[in-house]
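One structure below.
The values are calculated or read from the model by the stated rules, or taken from the named source; none is laboratory data. This structure is a prediction, so every number in the text was calculated from the model and none was measured. Don't worry about glycine lacking a Cβ; one is built from the backbone with ideal geometry, like all the others, and counts go over all protein chains shown.
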Amino acid sequence: MTQQTHLTCALHKIDTANHADPNVEQVGGESLPKEYAYSQHMSRWLFELEPQPSERMQIACRAQHIERWTIPRSDFPEGRKAYYEWRQACGRMHGRRAAGIMAECGFPQEECQKVETILTKRELRKDADTQLLEDVACMVFLERYFADFYEEKADYDREKWLRIVRRTWGKMSPRGHEAALKLAEGMPAHLLALLQEALEKPEN
């Protein structure tokens, strides 16, 4: 089996897994399984930020939320601490699942372990691949989910929103910042104003 076939196999298995998501997202007037749609957004933004990404990054981005619906947020208590515990549990599951699929498709164990590490984000800021994954994820959030999240959390006060935006910005690399600023030009006025205020006024 060639490396390209290994990659095709892994991406197909990830897509098949995410097609089982019972939740849906509207994309271009079409209803798609939510995590399958998310995985396509991730792949698209990966190629926007890195025109010739490695195979491991193509797999990591596609598997960023693989089968996330199987660990619902509601299984964890309310609060920031529990939220991060949920995120970490999801990351570990995504990493194990992606590594298992890669092994089934014939990838070397070292590559499987590398993708598992990327998806847990344990080496954010230290590892270029992990940072690229985070940049891609932030771009997908800003483009596809920021506006809806803002409406959903309308009870958040201005300072909380500023912290959220600054926290997202702080996770990104200069390459991600450049892409985000370009994307922001097309944002609704209230979101653009929030982004500008967050970047102009450092957190106290």
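Scanning the stretch 146-195 for residues that are closer than 21 Å to GLU50 by Cβ, part of a loop (DSSP other than H, G, I, E, B) and touching a residue at least 40 places away in the same chain (Cβ under 8 Å) yields a single hit, SER173.
Counting only residues that are farther than 17 Å from MET172 by Cα and assigned to a helix (DSSP H, G or I), the stretch 39-59 holds 9 of them. Say we look at the stretch 91-113 and pick out the residues that are under 13 Å from ALA10 (Cβ atoms) and among the charged types (D, E, K, R); which of these is surrounded by the most Cβ atoms within 10 Å (Cβ to Cβ)? Ranking the qualifying residues of the stretch 91-113, first place goes to ARG97.
Of all residues in the stretch 123-140, count the ones that are among the small types (Gly, Ala, Ser), touching a residue at least 60 places away in the same chain (Cβ under 8 Å) and more than 11 Å from CYS61 (Cα to Cα). Matching residues across the stretch 123-140 total 0.
For every residue, the table says whether it meets (1) touching a Leu at 6+ places or on another chain (Cβ under 8 Å); (2) modelled with pLDDT under 95.
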| site | (1), (2) |
| --- | --- |
| MET93 | no, no |
| ARG97 | no, no |
| MET139 | yes, no |
| TYR145 | no, yes |
| ASN204 | no, yes |
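Against the numbered list (1) over 13 Å from the mean Cα position of the chain (by Cα); (2) modelled with pLDDT of 95 or more; (3) among the charged types (D, E, K, R), GLU78 comes up short only at (2).
Pull up the stretch 64-85, narrow it to residues that are in contact with a helix residue (DSSP H, G or I) (Cβ under 7 Å, 6 or more places away or on another chain) and charged (D, E, K, R), then point me to the one that is surrounded by the most Cβ atoms within 10 Å (Cβ to Cβ). Checked the stretch 64-85; the qualifying residue surrounded by the most Cβ atoms within 10 Å (Cβ to Cβ) is ARG68. Residues that are aromatic (Phe, Trp, Tyr) and over 23 Å from LEU132 (Cβ atoms) were ranked within the stretch 156-204; the one that is farthest from the chain's Cα centre (by Cα) is TYR156.
When LYS13 is tested against (1) charged (D, E, K, R); (2) part of a helix (DSSP H, G or I); (3) in contact with a Lys or Arg (Cβ under 8 Å, 6 or more places away or on another chain), exactly one condition is not met: (3).
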